[in-house]
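Asker: Sharing a structure, written as structure tokens. Questions coming.
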Amino acid sequence: MDCVGLIIRDPAKISVKEYLEPLTQGAYELYMERAEDGTMVGLVVTTQKFAEDIKNTLDPDLLITIPRQTPAEEMTFIQQMDGLRKHIAELETAIARINAELESFTHRWGPIYKCVDEWVKERLSIMQAASSVFLTEMCFVVCGWMPTEKVHPLD
């Protein structure tokens, strides 16, 4: 027995079962899980010959390399599944660490970016308002910014 790991980023584009049936003549077991982002991650368990056929014909971007300490022939299926679970746990730990770094970055730099964003928006609104001048037959209208002390003479 051998295992082939799959990752399918867009499950709508490929039907794994329709793909595997002719390659393996139905001699496979498929275990699939959907990740939070919609990606499908799977494990195909089949004979060594069919596993090689799958690896040779499938797009390399869809294949997952499953690290193993011992050759697959020397491991039982349960040991292989335990190895995969351990690998998944390591990946989850790495993802959690990256998310923590992202959160730290957001706490450190988020307020600065927010202030800069507000300042830029304010400056843009001032620039847009300062250039708004209208003329009609009845009156002349200027829309813009001016100091408060200069408003009273306009009355």
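The values are calculated or read from the model by the stated rules, or taken from the named source; none is laboratory data. Fair warning: this is a prediction, and the values are worked out from it, not measured in the lab. No Cβ is skipped: glycine too gets one built from the backbone with ideal geometry, and neighbour counts run over all protein chains shown. All accessible areas refer to the heavy atoms of the entire protein, side chains included, with ligands and DNA or RNA removed. Shrake-Rupley method; radii C 1.70, N 1.55, O 1.52, S 1.80 Å.
Asker: Within the range 1-43, can you find the residues that are over 24 Å from residue 77 (Cβ atoms) and either among the charged types (D, E, K, R) or part of a loop (DSSP other than H, G, I, E, B) (or both)?
Answerer: Selection gives 9, 10, 13, 14, 15, 18, 36, 37, 38, 39.
Asker: Still on this structure, I have one more. Against the condition surrounded by 11 or more Cβ atoms within 10 Å (Cβ to Cβ), farther than 30 Å from residue 145 by Cα and at pLDDT 80 or above, how does residue 62 come out, does it pass?
Answerer: no
Asker: Can we say residue 43 is at pLDDT 75 or above and either closer than 19 Å to residue 14 by Cα or surrounded by 15 or more Cβ atoms within 10 Å (Cβ to Cβ) (or both)?
Answerer: When the stated conditions are applied, residue 43 passes them.
Asker: Restricting attention to the range 4-40, and to residues there that are open to solvent by 40 Å² or more (accessible area, probe 1.4 Å) and hydroxyl-bearing (Ser, Thr, Tyr), which single residue is farthest from the chain's Cα centre (by Cα)?
Answerer: Ranking the qualifying residues of the range 4-40, first place goes to 19.
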